[in-house]
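A.B. asks: There's a structure below that I have some questions on.
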Amino acid sequence: MRKAPPNIEASAAQGVTVALVANATWNFHNFRRGLINALAERGHQVLLLAPADDHAADLTDLNATFIPLHHLSRSGRNPGKDLQLVLELRHHYRKYGVSLAFLFTIKPVIYGTLAAVGTATRTIATLTGLGYAYTGKGRGGALVSTLYRLALKRGDFTYFHNPDDRQLFLEKGLVSEQRSDVIPGSGLDVTAYEPTPFPGGEDHQILFVGRLLEDKGIREFVTAAASSAPSHPNWTFHVVGDLDQENPAAISAEEVSGWKERPELTFHGQVADVKPYLSAASLVVLPSYREGCPRVLLEAGAMERPVIGADVPGVRSVIDHEKTGWLVPVGNASALSDAMKTALKQPQKLAEMGQAGRRRVAEGFSENIVVSEYLKQMDELTI
C-alpha cells in the first residue's frame, strides 16, 4: 500500500488535490474506480480516506494515495468519537490542501461536510441510500435528519441516487433545489459485463445478491422459495452475500444457519466475482425495503437477466415494470412467489426483457454518465 508522500501538497501543482471519503475501502475499489481514474487523468492528486480494513490491499492498483481514518466507525453512536472524526478529517483537508472532497455514505457525508466548514475545501456529498433509519423499521430517523440538515445546509452540493430520496429531503427542508440533484447511482462499466446466453430448459436458478439484512428482503426471498419449491422441484434458489453484524438490520447467524438446512436454498457467501452467478440465473430478485440505486440490478441488466424487485425508492428507478422485469409490493413474499411463477412460464419473454434491461443500463446508468456529471459539478465549484 502506498503511503502519502511527504511532499504531497506540491504534487498537486498539475491540478488540485481531491479527496474521496467513504466508510469502507471496498467502496472505492468497487464503485469509484472510474471517477478516480478520471480525476488522475486530469492531473489531480487523489486521496482516498476510509478506515483501514481487510480490503485496503485492493487499492494498490488505483492511481491514488490511501490515508487511513482512525475515528470512523460505521455502527458507533459516540458523539465524542464523531467529533474526533470531524477534527481528523479537517486535519487532512488542511494538511494536504484538499480543494474538493467527494463524500459517500452516511457518516462521511455528515461529518465530512462539517469538517470542511472554515476550510478552503469544497464538498460534493452523495447519499447512496438513506439507510436503516428510513426503511420504516429503523429508529433514530429524527436524529439522522437533524444531522443531515446541520451538515448539508453547509455543504456545496448534494447528489441522490434516486428522485424519491431527493424529494423526501426537499420536503423535509434538508437540502435546496439549487444545490442538489439526482445522479444515476455509482455508474456501471457495461463493457465489463458481457451478456451470456439465457439459460434454457426447465431447470431455473433464482438469485438473490446482497448482504443478509432484514431490510434487503432476504426473509421474503427465503419464504417465497419455501412456498414455491414443492410445486417447482426444478427451481433452485441461490443467495450470494454474507452476514453484516455491524448493521442494526442484520439477520442473526443462528437464523441463517437454519436456512442453510433447507434443500431448495444454496448459500454461496461473499464472492469475488458475481458474474458467473448472474450468468447461471434465470431471474435475479431484490425484495429490498429501500435502495439508493441497487448495483446488483444494474449488473443483472447488463448481463441481460430480467429482475424482480420491490416497488420502493431506488428499485423502481431501475426496473421498467413488465419491460425489464417486475415490481411487486414490498414485504409481500406471496406476491414475490407469484411474480416468479409468472416470469418463468414465459422464457422467450424473459430473454427479450433481459435484452431490454441491458439497453436501459447502458443508456441511463453507465459509468461514463456518472463520472461526467461529477466532473461537471466539480468544475463549477473549483474554477
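A.B. asks: Which entries in the list K81/K216; K216/K376; K81/K153; K323/K376; K172/K376; K275/K323 go over 24 Å, if you measure between the two C-alpha atoms of each?
C.D. replies: Check vs 24 Å cut-off fails for K81/K216; K216/K376; K323/K376; K172/K376.
A.B. asks: Report the relative contact order of region 264-336, percent, no decimals, based on alpha-carbon pairs under 8 angstrom and at least 6 residues apart.
C.D. replies: Worked out over region 264-336, it gives 27 percent.
A.B. asks: Would you kindly state how much longer the chain becomes between R211 and E352 on full extension, computed as 0.36 nm times their sequence separation minus their alpha carbon distance, in nm to one decimal?
C.D. replies: Here the segment from R211 to E352 would lengthen by 47.9 nm.
A.B. asks: List the residues whose amide H sits under 5 Å from the amide H of G217, counting only those 5 or more places along or on another chain, with H placed 1.01 Å from N in the peptide plane.
C.D. replies: Y289
A.B. asks: How far apart, in nm, are two points set 7 Å out from the Cα along the Cα-to-Cβ line at D54 and at E322?
C.D. replies: 4.5
A.B. asks: Further question on the same structure: Keeping all protein chains in place, calculate the accessible area per residue for the chain (probe 1.4 angstrom), answer in Å².
C.D. replies: 42
A.B. asks: Charges at C-beta only: +1 for Lys and Arg, -1 for Asp and Glu. How large is the resulting dipole of the chain about its Cα centre, in Debye rounded to 20?
C.D. replies: Details: 39 positive and 42 negative charges, 215 e Å.
In total the dipole reaches around 1040 debye.
A.B. asks: Which ³J(HN,Hα) values, rounded to whole Hz and listed in residue order, are derived for region 88-94 from phi using the Karplus coefficients 6.51, -1.76 and 1.60 in 6.51 cos²θ - 1.76 cosθ + 1.60 with θ = phi - 60°, glycine and proline given as x?
C.D. replies: Karplus-based 3J(HN,Hα) across region 88-94 equals 5, 5, 4, 4, 5, 4, 6 Hz.
A.B. asks: What is the ratio of the Cα radius of gyration of region 314-383 to 2.2 N^0.38 Å, where N is its residue count, to two decimals?
C.D. replies: 1.56
A.B. asks: So for the pair L143, E194, with labels modelled 7 Å out along Cα→Cβ, what separation do we get in nm?
C.D. replies: That separation, rounded to one decimal, is 5.0 nm.
A.B. asks: I'd like the carbon and sulfur percentage of the solvent accessible area for the chain, probe radius 1.4 Å, heavy atoms only, ligands and nucleic acids excluded.
C.D. replies: Carbon and sulfur together cover 49 percent of it.
A.B. asks: From the phi angles alone, apply the Karplus equation (6.51, -1.76, 1.60; θ = phi - 60°) to region 29-45 and give each ³J(HN,Hα) in whole Hz, x where the residue is Gly or Pro.
C.D. replies: 5, 8, 10, 10, 4, x, 5, 4, 4, 5, 5, 5, 5, 7, x, 7, 7
A.B. asks: Taking the Cα atoms of region 18-149, report the difference between the largest and smallest coordinate on each principal axis, in whole Å and largest first.
C.D. replies: Dimensions of region 18-149 along the principal axes of its Cα atoms: 43, 31, 22 Å.
A.B. asks: Which ³J(HN,Hα) values in Hz, rounded to whole numbers, follow from the phi angles of region 235-246 under the Karplus curve 6.51 cos²θ - 1.76 cosθ + 1.60, where θ = phi - 60° and Gly and Pro get x?
C.D. replies: 9, 10, 10, 10, 10, 10, x, 10, 5, 9, 5, 6
A.B. asks: Also, quick follow-up: Hey, could you grab the Kirkwood Rh for the chain? Inverse mean 1/r over distinct alpha carbon pairs, Å, one decimal.
C.D. replies: 21.6
A.B. asks: Using only Cα atoms, figure out Rg for region 238-323 and give it as a multiple of 2.2 N^0.38 Å.
C.D. replies: Values: Rg = 13.8 Å, N = 86, 2.2 N^0.38 = 12.0 Å.
The value comes to 1.16.
A.B. asks: Given the C-alpha centroids of region 15-75 and region 345-383, what is the distance between them in whole angstrom?
C.D. replies: Each part's Cα centre sits 23 Å from the other's.
A.B. asks: A further question follows. Measuring from centroid to centroid over Cα atoms, what is the spacing of region 235-291 and region 313-338 in Å?
C.D. replies: One Cα centre to the other: 18 Å.
A.B. asks: Same structure again: Once amide H atoms are built 1.01 Å from N in the peptide plane, which residues 5 or more positions from V330, or in another chain, come under 5 Å H to H?
C.D. replies: Residues meeting the criterion, in which the H sits 1.01 Å from N, are D311.
A.B. asks: So, one more: Stokes-Einstein D for region 163-247 at 4 °C, 1.567 mPa s, Kirkwood Rh over Cα pairs, in µm²/s?
C.D. replies: 76
A.B. asks: Show the residues, 5+ positions off or on another chain, whose built amide H is closer than 5 Å to the amide H of L48.
C.D. replies: L20, T65, F66, I67
A.B. asks: Using only alpha carbon pairs under 8 Å that are at least six residues apart, calculate the relative contact order of the chain and give it in whole percent.
C.D. replies: Here the relative contact order equals 14 percent.
A.B. asks: Can I ask one more? Express the C-alpha Rg of region 267-364 as a ratio against the empirical globular expectation 2.2 N^0.38 Å, rounded to two decimals.
C.D. replies: After normalising by residue count via 2.2 N^0.38 Å, the value is 0.99.
A.B. asks: Could you state the angle between the C-alpha long axis of helix 367-382 and the longest principal axis of the C-alpha atoms of the chain, as a value from 0 to 90 degrees rounded to the nearest 10?
C.D. replies: Approximately 20 degrees, to the nearest ten.
The values are calculated or read from the model by the stated rules, or taken from the named source; none is laboratory data. Keep in mind it's a predicted model, so treat the numbers as computed, not measured. Counting neighbours? That spans all protein chains shown, and the Cβs are built from the backbone with ideal geometry, glycine included. These accessible areas exclude ligands, DNA and RNA; they are computed on the full protein's heavy atoms, side chains included. Shrake-Rupley method; radii C 1.70, N 1.55, O 1.52, S 1.80 Å.
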